[in-house]
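S.K.: Quick one: this structure, given as structure tokens, is what I'll be asking you about.
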Amino acid sequence: MEEDLLKKAINGDIKAFQALFLEFQPQLKSYLYRLLADRNDVEDLSQDTFVKAYDKLSTFKGTSSLKTWVFQVSTNLCYDFLRKRKRWQPDAQDKAKTLAMSSQEIADAFVKVHQHSPYGRYDVSEHIDFCFTCISKTLTIEQQVALILKDIYDFSRKEIGQILNKSEGVIKHLLFDARKLMMDIFDRRCALVSKNGVCHQCTELAGIYNPKQTEREELMKIEMVAQAEKRDRSSLYELRARLVAEIDPLRSGGSDMQDIIMQCTRQAIGEIDTMDPL
């Protein structure tokens, strides 16, 4: 069935290509959001990816899966966006916290989303996902792409090499360096996995938006937290990545809450001037 659709698509049947594209579009959009941290950009890039991939479909040689090839097209489009932006610093969330505490308008926006959006739930697991995106944006573009594709979306090193036009050996080094940088930052910052961690935002926000929950009981449901004193940092990173892989930041129960916090962070670091209403 899929081969028949692909043949029709290559011969110019846009409905056949659309049917194939829709199979992995949710994952593609989730991937784009982790790279771009902007819903509007995700919609634009997703549409641009569809148009460009369909336009260039005659060049698809079948040396990779169609999904991998489309992700390559999309990643190349992302580069134009990402090159214009500075890499984030590890303290981006600290700046967001300072901004939120100093602005009643932003604080009210958080409350409005939490109280009125059907996707405004605050969940510690989802904040861990949000944090992973923020920290990954401290990496180089190629490191970020390789890390997210491998550890969150389970692409093989060969597939990532095809997407980035790099050898598997280069991808292996990109992944090693990216994971080490992520683990170094989490060691210093995350109070959930380190007694010396300086960031307590997960529990602070849980106290604000989920005041009736027993904080420790909720945290201990997260395997990464429960295992923090027993596992080495590599194992803890793997648990964190596994948790993140199970969350779609655009379709989860707290996706609007994630996004309003992300917008606040982007405003705090000067990437946008003002937040969009949700």
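The values are calculated or read from the model by the stated rules, or taken from the named source; none is laboratory data. Nothing here was measured: the structure is a model prediction, and the numbers come from that model. Heads up, the Cβs are rebuilt from the backbone with ideal geometry, glycines too, and the neighbour counts pull from every protein chain shown.
S.K.: Any chance region 141-148 includes a residue that's surrounded by 18 or more Cβ atoms within 10 Å (Cβ to Cβ) and charged (D, E, K, R)?
M.R.: yes
S.K.: How many residues does region 28-66 hold that are farther than 20 Å from GLU3 by Cα, free of Cβ contacts under 8 Å to residues at least 60 places away in the same chain and not basic (Lys, Arg)?
M.R.: Matching residues across region 28-66 total 12.
S.K.: A follow-up question, please. Please state which one of ILE135, ILE106 is touching a residue at least 24 places away in the same chain (Cβ under 8 Å) and under 17 Å from the mean Cα position of the chain (by Cα).
M.R.: ILE135
S.K.: If you take the residues in region 138-172 that are among the β-branched types (Val, Ile, Thr) and in a helix (DSSP H, G or I), which one is nearest to PHE71 (Cα to Cα)?
M.R.: ILE163
S.K.: Further question on the same structure: Between a first residue in region 67-86 that is within 15 Å of LYS56 (Cα to Cα) and a second residue that is modelled with pLDDT under 90, which pairs have beta carbons less than 9 Å apart while being 6 or more apart in sequence or on different chains?
M.R.: TRP69/LYS61; TRP69/GLY62
S.K.: Condition check: more than 28 Å from GLN267 (Cα to Cα), surrounded by 18 or more Cβ atoms within 10 Å (Cβ to Cβ) and either touching a helix residue (DSSP H, G or I) at 6+ places or on another chain (Cβ under 8 Å) or not assigned by TED's automatic domain parsing to the domain that holds MET262 (or both). Does ALA53 satisfy that?
M.R.: Yes, satisfied.
S.K.: Residue under question is ALA206, and the condition is that it be within 27 Å of GLN115 (Cα to Cα), touching an Asp or Glu at 6+ places or on another chain (Cβ under 8 Å), modelled with pLDDT of 90 or more and in the same structural domain as MET262 (by TED's automatic domain parsing); does it hold?
M.R.: no
S.K.: Another question, if that's okay. Would you mind finding the one in ARG251, ARG266, ARG242 that is in contact (Cβ under 8 Å) with a residue 40 or more places away in the chain, outside any loop (DSSP other than H, G, I, E, B) and not assigned by TED's automatic domain parsing to the domain that holds VAL42?
M.R.: So the residue among ARG251, ARG266, ARG242 that is in contact (Cβ under 8 Å) with a residue 40 or more places away in the chain, outside any loop (DSSP other than H, G, I, E, B) and not assigned by TED's automatic domain parsing to the domain that holds VAL42 is ARG266.
S.K.: Can you tell me which residue is farthest from the chain's Cα centre (by Cα) among those in region 148-168 that are hydrophobic (A, V, I, L, M, F, W, C) and over 16 Å from TYR79 (Cβ atoms)?
M.R.: PHE155
S.K.: Could you tell me which of the residues LEU164, LEU149 is within 19 Å of GLU238 (Cβ to Cβ), among the hydrophobic types (A, V, I, L, M, F, W, C) and in contact with a helix residue (DSSP H, G or I) (Cβ under 8 Å, 6 or more places away or on another chain)?
M.R.: Selected residue: LEU149, the only one of LEU164, LEU149 that is within 19 Å of GLU238 (Cβ to Cβ), among the hydrophobic types (A, V, I, L, M, F, W, C) and in contact with a helix residue (DSSP H, G or I) (Cβ under 8 Å, 6 or more places away or on another chain).
S.K.: When you scan region 42-51, do you find a residue that is modelled with pLDDT of 95 or more and farther than 30 Å from ILE261 by Cα, even just one?
M.R.: yes
This table checks each residue for (1) outside any loop (DSSP other than H, G, I, E, B); (2) under 22 Å from GLU142 (Cα atoms).
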| position | (1), (2) |
| --- | --- |
| SER64 | no, yes |
| LYS67 | yes, yes |
| ASN76 | yes, yes |
| TYR79 | yes, yes |
| LYS86 | no, yes |
| ALA96 | yes, no |
| MET101 | yes, no |
| GLU105 | yes, no |
| VAL111 | yes, no |
